[in-house]
Every structure is written in structure tokens, then in C-alpha cells.
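Here is the structure we will look at.
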Amino acid sequence: MRNQKVDTYNYKETLTRNLRVGAMAIGLAFGAGLAHAHGDVTPQAVDVSTLKPLGPEWQAVNPYRDDKEAIRIGDSAFNQNCARCHGLGAVSGGIAPDLRKLDIAPETDEYFLSRIRNGVTRNGAVYMPPFEGMLSQEAMWAIKAWLETVREK
Ligand code: HEC
């Protein structure tokens, strides 16, 4: 088991590197427009090209629930964008809520999405940054699909 874990992490590192290279290529192809829109924040590239595209409308219910490929992508996207606060593997170290306990009822999907899109700011302090414009809708739902696989009651 232990060895398998190590292998997974090496694989992830390679994947991350590949995604970065891919993102640079896209950046060169499309110019600096996207990067410019986000100021000095560095979003982590999430390659969602293997998922069914969702278009510009925000969905109310996760279209990728139980989708194997979405779960794979969501795992990596979570570790790159959310784990520094919510913990590796979503095992919270106490800084931020333990997302393994999130409700999985489809009616709660919209709440999840609004949290990621808007983040959480209270009295001028940013508890969680907004991810709208940094992560695609596809990436957000992929993260939710993965979170449901590590759910604990
Ligand atoms: C900078 C730290 C930070 C990062 C990065 C971060 N979060 Fe959060 N998140 C928080 C904190 C802190 C809260 C609790 C905010 C509050 O007090 O309401 C929170 C709340 C949430 C909630 C609401 C939980 C609940 O029980 O109501 C969700 C869902 C969530 N985060 C998802 C994510 C996802 C998905 C990512 C990655 C795309 C992410 N967060 C990245 C810090 C972070």
C-alpha cells in the first residue's frame, strides 16, 4: 500500500508538470488575455479536455457525479487548489472545514458551487479566495465528484 501511495504521488508530480507545460503552450497560443484577467494570482492549470464540456451556463446539479474521469481530475485539482487549506485528501487539519463531511444531496450542489465561485470574505478578511475565473466550471464539479468518493459521515 505504502509503495502504491508513493507511486501515485510521483505520477501526480509528473502530471502537474505536464499540465504546466500544457498551460504554457495554451498561453502562447492564445496570448496573455486570460492571465491578465486574473491579476497576479496564479491559478493552477486543470486540464478538463477529457470531460464533457458544460458551456457557459452554471449548472445547478453536478453533471459529473460518479464519472470516473471527473473523479480522477477532481482529485488532482483539489490537491493543487484546495488542499493547502482543506488538507491533503480533504483530511482537514482544522484550518478550514472538513469537506469529507459535505452533504451529497443534489440540492446542496448549488451551495457548494457558490462557495467555490465566491469564496468567503467576512469583515474584509478573506477566509477563502473566490475561484470563479480561475477554475472552470468543469474543474469545480470534478472536485465535487472526487470529494464524494472520500466522504465521511
Ligand atoms: C485560503 C484557504 C482556502 C482555500 C485555498 C480554499 N478554501 Fe474552502 N474554505 C476555507 C475556509 C476558511 C472556509 C470556511 C469559511 C467560513 O468561515 O465560512 C472554507 C469553506 C469552504 C466550503 C464551505 C464548507 C461548509 O461546510 O460550509 C466549501 C464547499 C469549500 N470551502 C470548498 C473549497 C474548494 C473546493 C477549494 C478549492 C477549489 C477551496 N475551498 C479552497 C478556506 C479555503
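Would you check if residue 100 is touching a Pro at 6+ places or on another chain (Cβ under 8 Å) and surrounded by 14 or more Cβ atoms within 10 Å (Cβ to Cβ)? Against the criterion (touching a Pro at 6+ places or on another chain (Cβ under 8 Å) and surrounded by 14 or more Cβ atoms within 10 Å (Cβ to Cβ)), residue 100 does not qualify. Among the residues of region 75-88, the ones that are more than 9 Å from the ligand (Cβ to nearest atom), out of contact with any helix residue (DSSP H, G or I) (no Cβ under 7 Å at 6 or more places or on another chain) and aliphatic (A, V, I, L, M) come to 0 in all. Are any residues in region 94-117 outside any loop (DSSP other than H, G, I, E, B) and more than 8 Å from the ligand (Cβ to nearest atom), and if so, which ones? Correct list: 100, 106, 107, 108, 109, 110, 113, 114, 117. For the residues 126, 61, 120, 91, the requirement of being surrounded by 12 or more Cβ atoms within 10 Å (Cβ to Cβ), over 17 Å from residue 142 (Cβ atoms) and either touching a residue at least 24 places away in the same chain (Cβ under 8 Å) or near the ligand (Cβ under 10 Å from one of its atoms) (or both) singles out 120. Of all residues in region 64-74, those that are assigned to a loop (DSSP other than H, G, I, E, B) and within 11 Å of residue 138 (Cα to Cα) total 1.
Residues considered: 77, 45, 35. Of these, the only one that is surrounded by 12 or more Cβ atoms within 10 Å (Cβ to Cβ), in a helix (DSSP H, G or I) and modelled with pLDDT under 95 is 35.
Here 40, 66, 7 are screened, and the one residue that is on the phi > 0 side of the Ramachandran plot and either modelled with pLDDT under 50 or of a type in the set (D, E, K, R) (or both) is 66.
The values are calculated or read from the model by the stated rules, or taken from the named source; none is laboratory data. What you see is a predicted model, and the numbers here were worked out from it, not measured in a lab. Cβ coordinates were reconstructed from backbone atoms using ideal geometry, including for glycine residues, and neighbour counts include every protein chain displayed.
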